[in-house]
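So the structure is just underneath, and the comments pick up after that.
The values are calculated or read from the model by the stated rules, or taken from the named source; none is laboratory data. Computed from a predicted model, the values in this text were never measured in an experiment. When we count neighbours, we look across all protein chains shown, and the Cβ atoms used for this are built from the backbone with ideal geometry, even at glycine.
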Amino acid sequence: MRQSARRYTVSIDTCFGEVIRACASPTREGVWITRQFIEAYEELHRLGWAHSVETRNAEGHLVGGLYGVRIGAFFAGESMFHIQRDASKVALMHLVSKMRAAGMTLLDVQWTTPHLESLGVVEVPRSEYLELLGCAVGKSRPARET
C-alpha cells in the first residue's frame, strides 16, 4: 500500500460534496445514499461534524475518497469510493494516520468485509464496542480537521 500511496495526493475536507456524490453514484451496486441524505450530510459538514478524505491522481483528478462523522475521538466512516486502484485504501490509510496523530481512538467502518480486514479492521463484541464508543465520544464538539 505504501507504493500505491506514492501515486496519490490526499487532502481533507476540500470537496466534501464531490466525495459523497461519488459514493452515491448510481453506477455503484447497492447505492443507498439519497439526495436528502446528501443534503443532511452537507449540513453536518458545514457545521463541522462530517468530514471527507480525498485522493487525487498525478493529474489532480479526484479518484477516491471517503466521508464520515467525527464525534470527539470517534470517527464513523459512512462510505468510500474509488475509480483508480487503491485510491480508497489510500484515503483510509491517511484517515487512520490523522486519527492517530490527533489521539483519536475508534474508527467504525460499519461492517467487516474481506477488503477491510486486509487493511487491519477487526470486529469487536458489542459490549466492548459500546465501552470504546463511550470513551471516544467524551469530547463531542465539532472538529474542523479529522
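Annotations for the structure displayed:
- Within region 66-97, restricting attention to residues that are out of contact with any Gly (no Cβ under 6 Å at 6 or more places or on another chain) and over 23 Å from THR113 (Cβ atoms), the residue that is surrounded by the fewest Cβ atoms within 10 Å (Cβ to Cβ) is ILE71.
- Top-ranked residue of region 31-57 - restricted to ones that are among the hydrophobic types (A, V, I, L, M, F, W, C) and assigned to a loop (DSSP other than H, G, I, E, B), ranked as nearest to the chain's Cα centre (by Cα): TRP49
- Matching residues, region 116-140, being at pLDDT below 80 and either closer than 16 Å to GLU78 by Cβ or touching an Asp or Glu at 6+ places or on another chain (Cβ under 7 Å) (or both): LEU116
- Single residue of region 50-65 satisfying the filter (surrounded by 15 or more Cβ atoms within 10 Å (Cβ to Cβ) and among the aliphatic types (A, V, I, L, M)) that is farthest from GLU18 (Cα to Cα): ALA50
- The combined condition, being modelled with pLDDT of 95 or more, surrounded by fewer than 16 Cβ atoms within 10 Å (Cβ to Cβ) and among the hydrophobic types (A, V, I, L, M, F, W, C), is fulfilled by LEU47.
- Criterion (over 22 Å from TYR129 (Cα atoms), basic (Lys, Arg) and not in a loop (DSSP other than H, G, I, E, B)) met by exactly one of ARG28, ARG85, ARG70, ARG21: ARG21
- Condition check for VAL63: of a type in the set (Val, Ile, Thr), out of contact with any Gly (no Cβ under 8 Å at 6 or more places or on another chain) and in a strand (DSSP E or B): yes
- Selection within region 104-137 - closer than 20 Å to ALA50 by Cβ and either in contact with a helix residue (DSSP H, G or I) (Cβ under 6 Å, 6 or more places away or on another chain) or in contact (Cβ under 8 Å) with a residue 12 or more places away in the chain (or both): MET104, THR105, LEU106, LEU107, ASP108, VAL109, GLN110, LEU133, ALA136, VAL137
- Residues of region 1-44 satisfying the condition of being of a type in the set (Val, Ile, Thr), modelled with pLDDT of 90 or more and farther than 19 Å from GLY77 by Cβ: THR9
- Qualifying residues in region 88-110 (those that are within 16 Å of LEU133 (Cβ to Cβ) and among the hydrophobic types (A, V, I, L, M, F, W, C)) - the one modelled with the lowest pLDDT: VAL109
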